[in-house]
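Read-outs throughout are calculated quantities, based only on the coordinates presented, and are distinct from any laboratory measurement. As the structure is a computational prediction, the values presented were derived from the model and not from experiment. Note: ideal-geometry Cβ built from the backbone for every residue, glycine included; neighbour counts use all protein chains shown.
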Amino acid sequence: MNIDHVSSETWDEELAGANLPGAGLAWDSLVEEFVLRQKLSTYALRPESKGLGPETLFIWGDKDSMGTGAKMGREMAAIAPHARCEILTDAGHMPWIDQTERCAQLTIGFLKNAG
């Protein structure tokens with residue numbers, strides 16, 4: 001995520017969420033259970049992705065530093081039978097924050113044309 005792309009409203013929402021009672025514990029529990037204990041990652045979803053029935057849109061940032069960048073998004077879309085991947089230039093791990101309007105356009109277009 002490029003912090004220069006994040007609106008003040010998004011920062012306010014993130015701060016409000018982080019300050020909710022139990023938010024830190026909930027996040028730590030999620031990371032411990034799913035990432036550390038179960039070793040779940042996008043790679044772990046590959047076997048299940050082969051059987052994914054619904055049309056699927058992956059929106060991936062080309063600067064995603066949490067995996068292998070755009071390569072991961074393309075690979076996941078290639079595995080799922082009815083999927084496609086849109087790569088957003090100059091977006092990171094959370095492209096909906098880096099490029100809110102573009103993600104909204106892609107999602108609305110996908111939903112209008114799905115099925």
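Evaluate E = 1/(1 + (r/R0)^6) for residue 45 and residue 12, where r is the Cβ-Cβ distance and R0 equals 35 Å; express this FRET efficiency to the nearest 0.05.
0.65
Give, as a single signed number, the net charge of other residues whose beta carbon lies under 14 Å from the beta carbon of residue 83, with Lys and Arg counted +1 and Asp and Glu -1.
Numbers: positive: 46, 50, 74, 84; negative: 48, 55, 75, 86.
Local net charge: 0.
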Near the amide H of residue 61, under 5 Å away, which other amide H atoms are found, from residues 5 or more places off or on another chain, if H is placed in the peptide plane?
-> 88
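Explain nothing, just the number: dipole magnitude of region 3-113 about its Cα centre with +1 on each Lys and Arg Cβ and -1 on each Asp and Glu Cβ, in debye rounded to the nearest 20.
Working: 10 positive and 17 negative charges, 146 e Å.
In debye, rounded to 20, region 3-113 gives about 700.
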Taking every other residue with Cβ under 14 Å from the Cβ of residue 24 and scoring Lys and Arg +1, Asp and Glu -1, one gets -3
For the chain, state the average projected area of the convex hull of the C-alpha atoms over all orientations, rounded to one decimal in nm².
-> 8.3
How much mean residue ellipticity at 222 nm does the chain get from its helices, if each DSSP H run of length 4 or more adds -39500 (n - 2.57) and you divide by all residues, to the nearest 500 deg cm²/dmol?
-> -12000 deg cm²/dmol
Distance (nanometres) between label positions extended 7 Å along Cα→Cβ at residue 82 and residue 5 = 2.9
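Sorting 33, 9 on the 10 Å Cβ count, fewest up front, what's the list? Numbers along the way, then the final one.
On the way: 33 11, 9 8.
The order, fewest Cβ neighbours first, is 9, 33.
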Identify the residues of region 48-81 with backbone N under 20 Å of a label point that sits 7 angstrom from the Cα of residue 93 along the Cα-to-Cβ direction, or state none.
-> 58-77
Contour minus end-to-end for residue 34 and residue 74, with contour as 0.36 nm per residue of separation and end-to-end as the Cα-Cα distance?
-> 12.1 nm
Please compute the net charge surrounding residue 5, taking Lys and Arg as +1 and Asp and Glu as -1 over other residues with Cβ under 9 Å from its Cβ.
-> -3
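Counting other beta carbons within 10 Å of each residue's own, what order do 63, 50 fall into, fewest first? The partial results should precede the final answer.
Details: 63 17, 50 10.
Neighbour counts put them in this order, fewest first: 50, 63.
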Any idea how many Lys pairs in the chain come in under 22 angstrom at the alpha carbon, given 8 or more places apart or on separate chains?
-> 4
